[in-house]
Amino acid sequence: MSSHDESLGPEGYRVDAVEAWIRDNVDGLTPPFEWTRLPGGHSNLTYQLKDQQGRLAVIRRPPQGELLPKAHDMSREWALISALGPTPVPVPAAYGFCESPDVTGAWFYVMGHINGHPLYNAEDTEKYVPESERRKMAYSFVDVLADLHAVDPDAVGLGDLGKRDSYVGRQLKTWYRSWMSSIEGAKLDDPRAHELQKFLLENLPEQGPARVVHGDYGLHNCLVGPDCTVAAVVDWEISTLGDPLADLAYALNWFSDPTDAEPPLPEAATAPPGFPGRLELAERYAARSGRDLSLLDYYIGFNRWKSACIVHGVYARYMEGKKSSDDVDLDEMRGRIGRSLELASEAVARLG
């Protein structure tokens, strides 16, 4: 959490200017608002707005300070919720997007409020999804992803969202570079990282037609409604055009399977009883999407390998003292790198 004192008002927002902009540009909301900070969302500054009639909306802007060019991309998120609004993919309603930094120092957008909760951990699952409803919720989670991958990007105006060729091939190069450049800082190398990258490059499947991929589709980025189905998908800032099977494999990583060597971490959102296994969910996706999943283990291996590379890079920054490691269990993090590589190796071994 930031050290911002909320009694000073909402962080990153000039309330008078923003409320005036909303009064002029968004129908159906009457300022002044009651502002409430919402958790999560990659450090973007996200608040619930409650207007004079008790109507709710949500406002979102990037964090304050210098940003990487592509990080916290509000225009991308806005484009996605606007384009997907009329499709079967559940997203918050798109109310207004402000591209003038004069109003509050950054782009921001206003969207509809969704009655739902993200599931970050087992505690959230126990609180919001009774055991008897968990299978239904997992099915909804997979069905929504299949519906997203059924959308033709050109038909909804998202044809320019990203490059269409070799989504996985590009990432194999990017994350391998990350691994190589982090070895010295991490004081950690693992032959499996190199063997897997070589195998994955040499056996790269041909990519079908590019589809919108979320890029971080998990229960932490879905708002689960009172009926225990996905009421909306949020956090679209790294979505692009790519290979839907890579998106699916990432989503399935959140679920365990009876065939797994180890059970899921007890604090994981999908650790509580009542969830279907990964393979059952994959079959459901195949039936709904009509896609051939015979190479699914390739994509599972790729995602596990990529996770190892990401954690390795973060671990290197801690080891070099570039990030404070006061509250971080570095041994656990180091173990996670090895475990991800182990799971990646197991997945590609299943390909025979």
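Key figures for this structure:
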item	result
Test: Pro209 is surrounded by fewer than 23 Cβ atoms within 10 Å (Cβ to Cβ) and modelled with pLDDT under 95	yes
Residue check for Arg304: among the charged types (D, E, K, R) and either touching a Lys or Arg at 6+ places or on another chain (Cβ under 6 Å) or under 30 Å from Asn44 (Cα atoms) (or both)	yes
Pair list, Cβ < 8 Å and 6+ apart or interchain, from the stretch 169-189 residues that are basic (Lys, Arg) to residues that are assigned to a helix (DSSP H, G or I)	Lys187/Met319
Only listed residue being surrounded by fewer than 20 Cβ atoms within 10 Å (Cβ to Cβ), closer than 25 Å to Gln171 by Cβ and either outside the structural domain of Leu204 (by TED's automatic domain parsing) or free of Cβ contacts under 8 Å to residues at least 40 places away in the same chain (or both), chosen from Asp297, Asp292	Asp292
Failed item in (1) touching a Lys or Arg at 6+ places or on another chain (Cβ under 7 Å); (2) at pLDDT below 95, with Asp327 passing the rest	(1)
Unique match (being polar (S, T, N, Q), surrounded by fewer than 21 Cβ atoms within 10 Å (Cβ to Cβ) and either in contact (Cβ under 8 Å) with a residue 60 or more places away in the chain or under 22 Å from Leu29 (Cβ atoms) (or both)) among Ser43, Ser75	Ser75
From Phe275, Phe255, residue being closer than 22 Å to Ser340 by Cβ, surrounded by 22 or more Cβ atoms within 10 Å (Cβ to Cβ) and at pLDDT below 95	Phe255
Any hit, the stretch 212-219, residues being at negative phi, aromatic (Phe, Trp, Tyr) and outside any helix (DSSP H, G or I)	yes
Only one of Pro118, Pro90, Pro86, Pro101 that is of a type outside the set (Val, Ile, Thr), modelled with pLDDT of 90 or more and over 20 Å from the mean Cα position of the chain (by Cα)	Pro86
Test for Val142: is it touching a strand residue (DSSP E or B) at 6+ places or on another chain (Cβ under 8 Å), over 30 Å from Met319 (Cβ atoms) and touching a residue at least 60 places away in the same chain (Cβ under 8 Å)	no
Subset tally (residues that are within 19 Å of Asp243 (Cβ to Cβ) and in a loop (DSSP other than H, G, I, E, B)) for the stretch 118-165	10
Subset of the stretch 270-289 (residues that are in contact (Cβ under 8 Å) with a residue 24 or more places away in the chain and either within 22 Å of the chain's Cα centre (by Cα) or in a helix (DSSP H, G or I) (or both))	Thr270, Ala271, Pro272, Phe275, Pro276, Arg278, Leu281, Ala282, Arg284, Tyr285, Arg288, Ser289
Filter result for Gly105 (surrounded by fewer than 18 Cβ atoms within 10 Å (Cβ to Cβ), at positive phi, touching a residue at least 24 places away in the same chain (Cβ under 8 Å) and touching a helix residue (DSSP H, G or I) at 6+ places or on another chain (Cβ under 8 Å))	no
Subset of the stretch 180-211 [closer than 21 Å to Gly313 by Cβ and assigned to a loop (DSSP other than H, G, I, E, B)]	Lys187, Leu188, Asp189, Asp190
Breaking point among (1) under 17 Å from Leu219 (Cα atoms); (2) surrounded by 17 or more Cβ atoms within 10 Å (Cβ to Cβ), for Pro130	(2)
Residue in the stretch 192-199 that is closer than 30 Å to Thr46 by Cα and of a type in the set (Phe, Trp, Tyr) present	no
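The values are calculated or read from the model by the stated rules, or taken from the named source; none is laboratory data. What you see is a predicted model; the values in this text were computed from it and never measured. Note that we place each Cβ from the backbone using ideal geometry, even for glycine, and neighbour counts take in every protein chain shown.
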